[in-house]
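Below: the structure, in structure tokens.
The values are calculated or read from the model by the stated rules, or taken from the named source; none is laboratory data. Owing to the predicted nature of the structure, the values given are computational and were not obtained by experimental measurement. Cβ coordinates were reconstructed from backbone atoms using ideal geometry, including for glycine residues, and neighbour counts include every protein chain displayed. Surface areas here come from the heavy atoms of the whole protein model, side chains and all, with no ligands, DNA or RNA. Shrake-Rupley method; radii C 1.70, N 1.55, O 1.52, S 1.80 Å.
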Amino acid sequence: MLSPEQTNHSFRSLERPDQDLQNRWFDFGGDTVINTNKQIRLTSDRQSQTGWLWSRLKQHDTNAPREQRATSPRSRLFATNINLASVPLTATNFQIEFEFKVDGQSPSLYGDGFAFWLTKQRAIYGPVFGFMDKFEGIGIFFDTYPNNRRHHHSFPYVMAMIGDGVASYDNSDDGKSTEIAGCEADFRSISIPTKARVTYYHNNFLELKLQYKGWDEWEHCFTIANVTLSVPYLGFTAITGEVHDNHDIISVSTTTLISVPPSSPVKPQKSKIITKSGMWTAFMWYLKLVAFGTVITVGILIYRMYNSQSTKRF
């Protein structure tokens, strides 16, 4: 069961930016372009762009931590002289659904992709799809360009990484060493609205479903068991390099889950329990096989001896 939508972490069409070039609930910067009432374009179809969008609540708090502000050089226009305190998701269980669009002019060479974040940190420029490395929380990467051509799956590819503040994302191998779950999903340049739905139950599981094959056809991507997130910030980032694409966020809907979580979609493997009676039965079968094998062997020996004696008589 879902509670009413959390408006401070949602938008259908972005409100008109205020005099500080900021939205009421979301902070944005880098190369991000706001097309009011249409989409947030994290990167345009150009080389070497980085854009970001992070949840926030505008307050008169001059003591807001410095690390909560964007540190990308291109983000100074959005981060200078803004007094704000960022507010993370506080719900224990929640569901986040967002519509996105990835497309561009090139039919074959494009990239690099965008990321969805639920992290302790926010708005810190870095090499992981435009966000910092060694983050704390979870990142879900919508990767459209393989840096390593030896993967056993196709691209676009959606994968998750749980960061502990120590593990580093390896760009050269597309994060394979830290991947915890993933799926192939051909979400680029298609006609229907592409959406993602993240469902999280505290200390239980996190699940991702995608809509890209048909309207209201949700494809299961992955379920991660035993996930525990500290109070996270919600964010989106994107990056382009030599290859490029438009990376758009169209809407975000965040709701609190107030029902008891369903049984975990991850089915644990049943352990094989061997009882004493089971062991005795297995032992008896073993003795029978040994006895049968012995009889067969003795029979073969007797048959050979008989044939040998018959040959000597003639």
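Name the one entry in His244, His220 that is modelled with pLDDT of 95 or more and crowded, with 19+ Cβ neighbours inside 10 Å.
On the way: His220 fails: crowded, with 19+ Cβ neighbours inside 10 Å.
Being modelled with pLDDT of 95 or more and crowded, with 19+ Cβ neighbours inside 10 Å holds for just one of His244, His220, which is His244.
Considering only residues that are β-branched (Val, Ile, Thr) and either surrounded by 14 or more Cβ atoms within 10 Å (Cβ to Cβ) or closer than 20 Å to Phe141 by Cβ (or both), which ones fall in the stretch 191-217?
Thr194, Val198, Thr199
Between residues in the stretch 224-251 that are without any contact (Cβ under 8 Å) to a residue 24 or more places away in the chain and residues that are not aromatic (Phe, Trp, Tyr), which pairs lie under 8 Å by C-beta distance while being six or more apart or on different chains?
Short answer, once both residue conditions are applied: Asn226/Asn203; Asn226/Asn204.
Within the stretch 122-154, how many residues turn out to be open to solvent by 40 Å² or more (accessible area, probe 1.4 Å) and free of Cβ contacts under 8 Å to residues at least 24 places away in the same chain?
Residues flagged as open to solvent by 40 Å² or more (accessible area, probe 1.4 Å) and free of Cβ contacts under 8 Å to residues at least 24 places away in the same chain within the stretch 122-154 amount to 3.
Being assigned to a strand (DSSP E or B), within 18 Å of Thr144 (Cβ to Cβ) and either among the aromatic types (Phe, Trp, Tyr) or modelled with pLDDT under 95 (or both) is the filter here, so list the residues in the stretch 112-127 that pass it.
If the condition is that a residue be assigned to a strand (DSSP E or B), within 18 Å of Thr144 (Cβ to Cβ) and either among the aromatic types (Phe, Trp, Tyr) or modelled with pLDDT under 95 (or both), then Phe114, Phe116, Trp117 are the ones that fit.
How many of the residues making up the stretch 213-245 are over 23 Å from Trp52 (Cα atoms) and in a loop (DSSP other than H, G, I, E, B)?
Residues that pass the stated criteria total 8.
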